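No value in this document is a laboratory result; all are computed from the given coordinates. Because the structure is a prediction, the values reported are computed rather than measured. Here the Cβ positions follow ideal geometry from the backbone for every residue, glycine too, while neighbour counts run over all protein chains shown.
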Amino acid sequence: MPTFGELVDILETWFSYPYLNGDYIFYGIVIAFVIGAIWLLSHWPPLKKHPWLWAVAVASAFVTLLAFVFIEVPVRSAVQIYILEKIWDAWTLSDWLLLSTIPFVLIIGLVQEGAKMVPMVFWWARSGRNISPRIGLAIGAMAGAGFGVFQAIWLNNQAILPTVGLPWDAASLGFEGGFAAYWEIFFMVGFHVAASAIAGYGLAKGKGLGLYLLAALLHAIVSYGTILQIELDLSILQIEMYIAGIAVLVTAGILMYRWRKTDDDTMEPMEPVEIEEPVEPAESDV
């Protein structure tokens, strides 16, 4: 099990980029924000009318990071040490990798999608637990973009920029030689946005638990791609098509709800209606 100090070290890596100078760190941040903006444009959240949506994005980024470090990492270690290794030896776990890794990808999905929902649930509760479906979609999209962009900044500056350089440098190396890393970042952010939008829609429709579990399952399926690549000896192109395909399908599905014509086209929260007490008739003296 990782110690508290080791978990703090993991947390610090999200804010420390020792392999890059200031210019490249700036590029890594800009690239991540541009990717996030592209995906958010398809959802078109009403940021001008509802500026509090920015707070949802920022809160999601930091809450999900803390959940990743202090919940996901320890729980995965505990499952490995106290459950799987008590049942099977290391050779068996390796031979049955497609099966033995399922608990880990489920933990990833449950923790990260649950953490992204924290600011969504806070706003939903503040709104009297009565918000329109389109506000639910907007809240979810912003929560997903918040963590997705934050994760993209970390990956850009920790791994991608130090190894393959800027996107145009990576493109010169070919898809598998370097550009695949940016491809994956792009669709990873898109998936975060769409998966959280599903959960936000669930809150608005009174199906929060069910659609949260759906978002977590989809997240687990995306994470499982790494295991499939190892066990099935998939090429970089094949695994990147796998990730992109899921991201596009989930995004297309949620955008059908976002843009369809309904009676609720205002993107406004639904305010509780106050019902006046009936007036008792005055008693007559006759």
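Placing R0 at 41 angstrom, the Cβ-Cβ distance between ARG129 and SER235 gives a FRET efficiency of 0.30 after rounding to 0.05. In whole angstrom, note down how far apart the Cα centers of region 142-160 and region 217-242 are. One Cα centre to the other: 20 Å. The relative contact order of region 4-259 comes to 27 percent, based on Cα pairs under 8 Å that sit 6 or more residues apart. For region 111-239, relative contact order (Cα pairs under 8 Å, six or more residues apart, normalised by length) works out to 35 percent.
The separation of region 30-73 from region 81-112, counted between C-alpha centres, amounts to 30 Å. Between the residues ALA215, GLN158, ILE246, the greatest Cα displacement towards the positive end of the dipole of region 4-259, with unit charges on the Cβ of Lys, Arg, Asp and Glu, is found for ALA215. The order of MET120, MET142, going from fewest to most other C-beta atoms within 10 Å of their C-beta, is MET120, MET142.
Kirkwood analysis of the Cα pair distances in region 73-134 returns a hydrodynamic radius of 14.1 Å.
Backbone amide hydrogens, once placed in the peptide plane, bring TRP14 within less than 5 Å of nothing, excluding anything fewer than 5 places away on its chain.
Can you tell me the 0 to 90 degree angle between the C-alpha axis of helix 52-67 and the longest principal axis of the chain, rounded to 10? Long axis of 52-67 versus the principal axis of the chain: about 50 degrees.
Sorting 40-50, 131-141 by average packing, meaning the other beta carbons within 10 Å per residue, from highest down gives 131-141, 40-50. The calculated 222 nm mean residue ellipticity attributable to helices in the chain amounts to -22000 deg cm²/dmol, summing -39500 (n - 2.57) over DSSP H runs of n ≥ 4 and dividing by all residues. The charge dipole of the chain, taken about its Cα centre with unit charges on the Cβ of Lys, Arg, Asp and Glu (plus for the first two, minus for the last two), comes to roughly 460 debye. Scoring 194-200, 25-31, 7-13, 53-59 by mean Cβ neighbours within 10 Å over their residues and listing the highest first yields 194-200, 53-59, 25-31, 7-13.
What is the angle, in °, between the Cα long axis of helix 208-223 and the longest principal axis of the Cα atoms in the chain? Nearest 10 is fine, range 0 to 90. With rounding to tens, the tilt is 10 degrees. Counting lysine pairs in region 4-259 that sit 8 or more residues apart in sequence, or on different chains, and whose Cα atoms lie under 24 Å apart gives 5.
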